Amino acid sequence: MRLMLDAVTKQFPSGRAVDDVSLTLGPGVVGLLGPNGAGKTTLMRIITGILRPTAGRVEVGSHDLSSRAGRAAIKRTLGYLPQELALYPDLTGWEMLDYIGLLKGIDDKRARHAQIEDLLERVGMAAHAKRRIRTYSGGLKRRIGIAQVLLGDPRLIIVDEPTAGLDPEERMRFRALLGSLGTDRIVILSTHILEDVAQSCPRVAVLHHGRIVYHGPTGGLTDRAAGQTFVLPSGVAPGDDVSVINASSAIGGVEYRVVGPRQPAAGRPVDPTLEDGYVALLQSARNHDHREDPQIHAI
Amino acid sequence: MGSATATLPGAVRYEALIAVRQRLLWVVLAPMAALIALVAVSSPAAGDADSASAGVAVTALGLSAFYTMGVGVALSDCLARHRAGGDLLEATPTAPTVRLLGAVGGPLAVALVPAGAVLLLVGTIRALVDASPDPIGAAAVALLTIVAPGALALTALAVVLGLWLPVVFARIAVVLTWGWATLLTPGLLPVPTVTGTILSPLGGYPAVTWLGAPSTWADRGETGPLRLAADDGAALLNLGATLLIGLALLALARLLLSEAGSRIRKEDQTR
């Protein structure tokens, strides 16, 4: 199966959330990155058929999202975990999954129940399944959210901040699950946790002001910071022309890791990480915005 | 995979289950049902009715006037709560109309259970007194032609108001509107009203025509163009109008729900 976005634009009264996005994805896990307000959630809502684009075309397999039949067909192949997960607090986890399974059109009761039991095991929720959702912690709710994504064996999976609220062990388990799904499905993972992308996504797309500013191998994004990542020794303050990636206490003061186009005087070059590459890319995108329109201020 | 006829019963079942587990529904409805049952079995007026069926009909009219008000109050936020399901439900292939019917139909079915129980109790007592099963049949007819259609119409109005207004204001508007449409006669207050006409959702015409309730329950002793003589045609018109009002309001709710959804998504985007 293939997901194709062709010149997709979404205009809201407040501005353009998605701007002329073209993207083609095949099976595999792709990370969707971008700062807050970059248009990630809007783009995902368009792909799920919840929002209609103002312009452009979206196709999933042979189905076109512009038609009602196409949207219904795509929703039948879809597993979606929204960022704001609104579960019914008066249902148990098991009942919630059964309800979503019904709404997903899994009419065969026996098959639906078998899937639910299997998924509860896979997300480690079997022991909590008969409790009302109102008694769940944020992490348990997230796990039910992840289980509902997989109901109906979807071929297109879109997850928005799936590991928010999960503890490190749960996150690792989820990353492994996501990786195993990507072998024969399209999986789009939107997150701010770059470690999740580094671990799970061979490819990544970065949105900035509604536009795709990078789409390619995850390693390629890391390479965007090659020759631009430096560590400043203790006692040397970072200048205005660099972005501070982190600061750590060291003997004699604070040691800064920075990304910038020029090597600071006392800076020691180091190998970049995905985080460095992401920051370098956004720096470059913002500089490009400024050159195109001096009125645009950096986020 | 996934037809509306297969999905709707499941949606109704789960929305009913959610309603069953909500305390407010029972806090509002259980005392009202108990009070109406008590009045029905102890009131000499009910015993003096022309027939056992008429006694059941008068109880049904009492339920329709007062208990239905409680149903509207309790369910006024049920679509607003359903809307909170947001993208999770929107991303499923089930049509929004099917989801709406589940979200309204399930809680309404639950809310009608105590009313049905009151009618069954009254019908059973009358059946034992009269040594005839007819009052039990009359209870079923009363539930289907008097209480349920009115409850559908008021619940539909309540969910529309619940989508439009803060829930407290919606509940106040529900009580005022129902009182105006079912209780407020020109004799009580000289204002235009549908009470006593074939547009009133109280169910007076079916009660008078099919169950033998006193004729004043149909036109409320007034005359006017929509205050017809109680007969089968008028009863059918009254029942049809009530159902039509309910369905029209549900269609409006469907429209509001999709508009509200797109407004929320726009607001999300601006955050």
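The values are calculated or read from the model by the stated rules, or taken from the named source; none is laboratory data. Fair warning: this is a prediction, and the values are worked out from it, not measured in the lab. Quick reminder, even Gly has a Cβ in these numbers, built from the backbone with ideal geometry, and neighbours come from all protein chains shown.
Residue check: is A:Asp153 under 22 Å from A:Gly26 (Cα atoms) and either over 17 Å from the mean Cα position of the chain (by Cα) or among the β-branched types (Val, Ile, Thr) (or both)?
Numbers: under 22 Å from A:Gly26 (Cα atoms): yes; either over 17 Å from the mean Cα position of the chain (by Cα) or among the β-branched types (Val, Ile, Thr) (or both): yes.
When the stated conditions are applied, A:Asp153 passes them.
A quick yes/no check of all residues on (1) more than 11 Å from chain A (Cβ to nearest Cβ); (2) over 30 Å from A:Lys104 (Cα atoms); (3) outside any loop (DSSP other than H, G, I, E, B):
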residue	(1), (2), (3)
B:Ser64	yes, yes, yes
B:Leu88	no, no, yes
B:Thr97	yes, no, yes
B:Ala111	yes, no, yes
B:Ala117	yes, yes, yes
B:Leu120	yes, yes, yes
B:Val129	yes, yes, yes
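The rows are residues; the columns are (1) within 7 Å of chain B (Cβ to nearest Cβ); (2) under 14 Å from B:Ala91 (Cα atoms).
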residue: A:Pro53; (1), (2): no, no
residue: A:Arg57; (1), (2): no, no
residue: A:Asp64; (1), (2): no, no
residue: A:Arg71; (1), (2): no, yes
residue: A:Ile74; (1), (2): no, yes
residue: A:Tyr80; (1), (2): yes, yes
residue: A:Glu84; (1), (2): yes, yes
residue: A:Tyr88; (1), (2): yes, no
residue: A:Leu91; (1), (2): yes, no
(message) Residue under question is A:Leu87, and the condition is that it be under 14 Å from B:Leu88 (Cα atoms), more than 18 Å from the chain's Cα centre (by Cα) and at pLDDT 95 or above; does it hold?
(response) no
(request) Output the number of residues of the stretch A:125-147 satisfying the condition of being crowded, with 17+ Cβ neighbours inside 10 Å and outside any helix (DSSP H, G or I). (result) 3
(message) Considering only residues that are within 14 Å of chain B (Cβ to nearest Cβ) and either among the β-branched types (Val, Ile, Thr) or without any contact (Cβ under 8 Å) to a residue 24 or more places away in the chain (or both), which ones fall in the stretch A:113-147?
(response) A:His113, A:Ile116, A:Ile133, A:Thr135, A:Ile144, A:Ile146
(request) Only residues that are assigned to a loop (DSSP other than H, G, I, E, B) and at the interface with chain B (Cβ under 10 Å from one of its Cβ atoms): list them for the stretch A:3-46, please. (result) A:Pro13, A:Ser14, A:Asn36, A:Gly37, A:Gly39
(request) Hey, could you check the stretch A:102-112 for residues that are in contact (Cβ under 8 Å) with a residue 12 or more places away in the chain and part of a loop (DSSP other than H, G, I, E, B) and say which is farthest from the other protein chains (Cβ to nearest Cβ)? (result) A:Ile106
(request) Considering only residues that are over 19 Å from A:Ile116 (Cα atoms) and of a type in the set (A, V, I, L, M, F, W, C), look in the stretch A:160-190 and name the one that is surrounded by the fewest Cβ atoms within 10 Å (Cβ to Cβ). (result) A:Ala176
(request) Kindly indicate whether A:Gly165 is on the phi > 0 side of the Ramachandran plot and over 18 Å from the mean Cα position of the chain (by Cα). (result) no
(request) Filter the stretch B:78-96 down to residues that are over 14 Å from B:Gly10 (Cα atoms) and within 26 Å of the chain's Cα centre (by Cα), then give me how many there are. (result) 9
(request) State yes or no: is A:Asp276 of a type in the set (Asp, Glu) and crowded, with 22+ Cβ neighbours inside 10 Å? (result) yes
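Let's see how each residue does on (1) surrounded by 17 or more Cβ atoms within 10 Å (Cβ to Cβ); (2) not hydrophobic (A, V, I, L, M, F, W, C); (3) not assigned by TED's automatic domain parsing to the domain that holds A:Leu177:
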position: A:Lys10; (1), (2), (3): yes, yes, no
position: A:Gly15; (1), (2), (3): no, yes, no
position: A:Val21; (1), (2), (3): yes, no, no
position: A:Leu25; (1), (2), (3): yes, no, no
position: A:Gly70; (1), (2), (3): yes, yes, no
(message) Need a quick list: strands (runs of 3 or more DSSP E) entirely within the stretch A:206-257 having at least 1 residues that are out of contact with any Gly (no Cβ under 7 Å at 6 or more places or on another chain) and farther than 29 Å from A:Thr41 by Cα.
(response) A:229-232, A:243-250
